[in-house]
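These notes are about the structure you will find just below.
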Amino acid sequence: MDLAEIWRVMRRRWYVLLPGLLLTAALVAGVYVLVPVEYRSQSTVTLLNSKKATVAFDGNPFLSTQASLTGMADGLARNLNSDDSRADLKARGVTGEYEAKIADNAQGPFMWLSVTGTDPAAVLKSDQVFTAYAEKRLQEFQVQQSVTPEAMIRMATIVPPQKPEAQTKTRLQYLIMAGALGFVLSLVATFFVEARRRRSDNPGRHRPAPAESAGSDGAPDAAGSGASGSRTARAAAGASP
């Protein structure tokens with residue numbers, strides 16, 4: 001079936017295709033309403049060496065970086081993503097989904113702290129609370145290990161919580177899936193009706209060929225029987241001496 005034939009079928013069965021397309025449009029509109037736009041805010045922080053460790057660098061923490069700081073950043077991120085931290089952050093008013101992770105392609109102890117939700121104002125506030133909470137947890141870890149204040153690892157905010165940006169990728173994917181599914185089902189229904197109508201318009205097309213003609217009572221035709229008998233008699237006479 002070529003494109004021209006497909007177009008002819010669609011024009012001929014428009015009364016099936018049109019309702020399907022209308023239902024598809026309604027489905028896409030429903031997805032557009034039911035799937036809200038998500039917003040995301042992100043901050044970037046880094047871990048700094050202790051004051052005691054930066055004495056040799058005139059107190060400049062950015063000149064004293066160690067591999068152990070990256071390991072500490074990884075451990076802090078895992079703790080922030082734990083169930084206990086989630087419950088604690090929820091009690092502090094953090095809404096939506098949040099994530100702490102080592103920054104992609106980071107060449108040091110850099111962390112991304114992000115919050116995702118449907119309310120831009122709540123997302124920004126939650127990211128601010130989340131960033132402050134991360135610094136608090138870092139201090140608590142070291143207090144539990146009886147680390148002196150001069151030897152404690154510190155945290156600095158490189159990029160503060162940013163203005164939430166709309167994340168439309170997921171919503172767009174759902175819209176495309178709904179539109180494609182509705183259009184395909186509409187075409188399937190259209191060609192199904194076309195196939196059914198063609199079979200009903202040609203009822204004898206698939207019937208078996210009629211059997212050998214017979215008399216009204218089901219017996220072979222008399223003339224045919226007589227001719228066959230005559231041929232048999234002549235053959236017998238010629239065979240006799």
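The values are calculated or read from the model by the stated rules, or taken from the named source; none is laboratory data. Just so it is clear, the structure is predicted and the values come from calculations on it, not from any experiment. For neighbour counting, all protein chains shown are included, and Cβ atoms are generated from backbone atoms with ideal geometry for every residue, glycine included. Protein only, heavy atoms only, side chains kept; ligands, DNA and RNA dropped before computing areas. Shrake-Rupley method; radii C 1.70, N 1.55, O 1.52, S 1.80 Å.
Summarising the amide proton neighbourhood of Glu38: residues at separation of 5 or more, or on other chains, whose placed amide H is nearer than 5 Å comprise Gln167. Rounded, prolate or oblate: which fits segment 50-139, taking a ≥ b ≥ c as square roots of the Cα gyration tensor eigenvalues, rounded meaning a/c under 1.5, else prolate when a/b beats b/c? Since a/c reaches 1.5 and a/b is larger than b/c, the shape of segment 50-139 is classed as prolate. In segment 81-164, the portion of solvent-accessible area held by carbon and sulfur atoms comes to 51 percent [1.4 Å probe, whole percent, DNA, RNA and ligands not counted].
Based on alpha-carbon atoms, the Kirkwood radius and the radius of gyration of segment 3-119 give Rg/Rh equal to 1.39.
Using the empirical formula 2.2 N^0.38 Å as the baseline, the Cα radius of gyration of segment 39-195 reaches a ratio of 1.49.
Descending by average beta-carbon neighbour count within 10 Å, the peptides 190-196, 4-10 line up as 190-196, 4-10, the highest first. With bins 10 Å wide beginning at 0, the percent of Cα pairs of segment 98-191 falling in each bin runs 13, 28, 24, 14, 10, 7, 3, 1. The largest accessible area among Tyr133, Tyr32 belongs to the first residue in Tyr32, Tyr133, and the rest follow in falling order (1.4 Å probe, all chains). Sites listed here are trypsin sites (Lys or Arg not before Pro) in segment 81-153 whose DSSP assignment is loop and whose Cβ has at most 14 other Cβ atoms within 10 Å: Arg92. In the context of the full set of protein chains, residues of segment 1-72 present 65 Å² of accessible surface per residue (probe radius 1.4 Å, heavy atoms only).
The slack in the chain from Phe57 to Asp201, taken as 0.36 nm per residue of separation less the alpha-carbon distance, amounts to 42.5 nm.
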